[in-house]
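Structure first, then comments.
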Amino acid sequence: MKRKQIVVMNYNPEWASEFYCLKSVLEEELAGLAPDIQHVGSTSIPGCAAKPVMDIDIIVKTNEEVEEAIELLAPLGYRYQGDLGILDRQAFDRIDSAVPYSHGKEWEFDHNMYVCLAGSTSLRNHLALRDYLRESPKETEEYSQLKKELAGRHPHDIDSYIEGKSEFIVSILAKAGFTEKEQEQIRRANMKVAQHGRNKKGQ
């Protein structure tokens, strides 16, 4: 069966607007945890081209709070997917486009949801890449062009698309102060994400 086409779009400021609406709902539903909820990934970087799918990190302080967040997200329509091979980052998908359920609202954009442990390498990766590119328009444009080229070269191969971005991401993290050991950990993590996709699809 043909895999879904990868579409990379020019930056849309409505991504940020919808994130703040989602954040408001999530803060209310997870109030007991008082999590730090962050918009990460390319849709969080002004001017950056991206797949129109937001990445959202719910940051908690302890493993106990991770477990509690998993329980609280279930009635909102989030299905727990495990860590997908990434240490200290728990992933979720959505039952339907109304998730998180809030007064029957339909959300315009899709999003990936993660519960992350504060201080973890995977979380620092998300935040450091976002923060660096927000201050670096030239490299944001380079990243945008790379993603468009990869989407054109691998229009139905998300694994190759992810792997193709890896060295650029690692180069930015090196500039942001990540050690060589941490850089290699990110490389391996990206390979695990792609490998998980292959295994999940029986490929």
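Computed from the coordinates by the stated procedures, all read-outs in this text should not be read as laboratory data. Just so it is clear, the structure is predicted and the values come from calculations on it, not from any experiment. Cβ placement follows ideal geometry from the backbone for every residue including glycine, while neighbour counts extend to all protein chains displayed.
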> How do Asp57, Asp36, Asp88 line up, fewest other C-beta atoms within 10 Å first?
Replying inline: Asp36, Asp88, Asp57
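What number, in nm² with one decimal, is the all-direction average of the projected area of the convex hull of the alpha-carbon atoms of region 128-200? Before the final figure, lay out each step's value.
Working: hull surface 19.7 nm².
Average projection, Cα convex hull of region 128-200: 4.9 nm².
Per residue of the chain, what 222 nm ellipticity follows from adding -39500 (n - 2.57) for every DSSP H run with n ≥ 4, rounded to the nearest 500? All intermediate terms of the calculation are to be shown ahead of the outcome.
Values: 6 runs with 97 residues, N = 203.
Helix-only estimate at 222 nm: -16000 deg cm²/dmol.
Given contacts defined as C-alpha pairs under 8 Å and at least six residues apart, what's the relative contact order of region 128-200, whole-number percent? Provide the component values of the computation, followed by the final result.
On the way: 41 pairs, mean separation 25.1, N = 73.
With pairs under 8 Å counted, the relative contact order is 34 percent.
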> So in region 14-119, what percent of DSSP beta bridges are antiparallel if you round to the nearest 5?
Replying inline: 60 percent
> What is the P(r) of the chain, as percent of Cα-Cα pairs per 10 Å bin from 0?
Replying inline: 8, 34, 40, 18, 1
> Just going by the charge dipole of region 78-166, with Lys and Arg at +1 and Asp and Glu at -1 on Cβ, which of Gly119, His154, Ser136 is farthest out on the positive end?
Replying inline: Gly119
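Based on the inverse mean of 1/r over its pairs of different Cα atoms, what is the Kirkwood hydrodynamic radius of region 1-61, in Å? Working shown, then result.
Values: mean 1/r = 0.0777 Å⁻¹.
Radius from the Kirkwood sum: 12.9 Å.
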